[in-house]
Structures are given as structure tokens and as C-alpha cells.
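Step one of this worksheet: look at the structure below.
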Amino acid sequence: MKAPEIKKVAVLGGGLIGSSWATSFLWRGYPVHIYDISEDALKTARSRIRGNLEYLVSKGALTTAKMNVALSLAKYTTNIEEAVKDVQFIQECALEKYAVKQALLAEVDKHAPADAIFASSTSGLLITEIARFSKYPGRCLGAHPYNPPHLIPLVEIGKGNQTSEETVKKTYDFYELLGKEPIVLQKEALGFIANRLSLALFIVRPLIL
């Protein structure tokens, strides 16, 4: 079953996390536009996505026929306008720097539908800061996955100070349809939940051994 309002997805950044996110969407039957800055990067992303899907076939989670359908739903591009112009959900997987994510979001604001959700796969940055200069901060949120996203179900959804509850609800429901287990942070915090717990346990562990 697909989320009725989300019919097409863009993944911005085809690295390890981006390729894994794209695998998740393709696996569930969504057309996906995969964007990166060079053809070499896209070639690597294409190889990773195929490898991810072939692994799923080898484990019986996917048939070869369905894998071929999934591969046919992927479109690779170095043109940001082409990537986002007609999608309803954008999974951003760019370099973990505010300036990079802000610049990419500025391009999204220019070319994507105003109501397309912008979900940043940041592992620790604040969505309020990422969306600081956005024309549409209400559609922006953080969506921190665990690696690899197509196999690990946990996703931490983080709200910025202007993120709308509608955006949170749509994203939560969409991830559930993908087989994820999303959790929503009620307060914005660097590192989110799992990373902060991991750090605390790392600090405490030597004291209890």
C-alpha cells in the first residue's frame, strides 16, 4: 500500500545512506529520482542500489522480477530541477554541513512543489538551522535513519521550530508504509535520541566495569 499523497520520491545524494534510502523506496514500488553532483557519483549509486536489491533477492525478501521492476523505477540525474520538480517527498542525504544542506534546500525551494516534504537524513544537525533560510520551513524536518536504512527500521523524526504537524504526520505515516519504525522527537536536540544514549553509555561503561 502506498501513501496516497506521495507518489514519487527524490533522493538527494547517492552515497551509502542515499543509495540505501533509494533502495527502500524502490523496493516498495515508488519511482525515485536519484540526484548527485557528477555522473561518476551516480554510477556508484546505481551499482550500490543494484547490489542492495540483489542482496534482498538472495535472502528471499524480493523476487528477481520485482527487483527488475524496482530498478526500472529509478531515474538518475545531475540536474536538481529535474530531480525535484514533480515529487511529493524529498529525502536529502548530502554532506553533514549546514552550508551544504542550506544551499541544497535553496535549490529545492526554487524547483520543487511548495508542499513537497523535505526530510534531511542528518545524523546530528538541527533542522531549525538547516531550514533557517528556506521559504517553506514548515515542510522541513529531520529524518535520521540507521545504517543501512533499507534494512534497519528505526528512523528518528526531528521537528524544527517551524515544522508543521501535518508534515510530521505525513512523514510518520509514509515511513510506516515503508516498514519503518519511526519515532518523533518532542524537543529538538543535537544528536537526537539514539546517538545521545550511545554517548551516555559510552561514558558510563568504564565506570561500571
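The values are calculated or read from the model by the stated rules, or taken from the named source; none is laboratory data. In this text the structure is predicted, and so the values were computed from the model without any measurement. Every residue, glycine among them, receives a Cβ derived from its backbone with ideal geometry; neighbour counts consider all protein chains shown.
Computed values, structure above
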{"quantity": "Lone qualifier among Thr122, Thr171 - being assigned to a helix (DSSP H, G or I) and under 30 Å from Glu54 (Cα atoms)", "calculated": "Thr171"}
{"quantity": "Residue list for the range 60-89, filter: in contact with a helix residue (DSSP H, G or I) (Cβ under 9 Å, 6 or more places away or on another chain) and acidic (Asp, Glu)", "calculated": "Glu81, Glu82"}
{"quantity": "Lone unmet requirement of (1) among the hydrophobic types (A, V, I, L, M, F, W, C); (2) at pLDDT 95 or above; (3) farther than 18 Å from Arg28 by Cα for Leu125", "calculated": "(2)"}
{"quantity": "Residues that are without any contact (Cβ under 8 Å) to a residue 24 or more places away in the chain and of a type in the set (Ser, Thr, Tyr), drawn from the range 163-175", "calculated": "Tyr172"}
{"quantity": "Residues that are more than 18 Å from the chain's Cα centre (by Cα), at pLDDT below 80 and polar (S, T, N, Q), drawn from the range 160-209", "calculated": "Ser198"}
{"quantity": "From Ala94, Ala99, residue being more than 23 Å from Glu5 (Cβ to Cβ) and without any contact (Cβ under 8 Å) to a residue 12 or more places away in the chain", "calculated": "Ala99"}
{"quantity": "Candidate set from the range 116-162 (those that are touching a residue at least 40 places away in the same chain (Cβ under 8 Å) and β-branched (Val, Ile, Thr)); member that is farthest from Gln102 (Cα to Cα)", "calculated": "Ile117"}
{"quantity": "Answer from Lys75, Lys135, Lys85, Lys97 - the residue that is modelled with pLDDT of 95 or more, within 21 Å of Thr44 (Cα to Cα) and either basic (Lys, Arg) or surrounded by fewer than 23 Cβ atoms within 10 Å (Cβ to Cβ) (or both)", "calculated": "Lys75"}
{"quantity": "Any hit, the range 27-44, residues being among the polar types (S, T, N, Q), loosely packed, with under 13 Cβ neighbours inside 10 Å, over 18 Å from the mean Cα position of the chain (by Cα) and not in a loop (DSSP other than H, G, I, E, B)", "calculated": "no"}
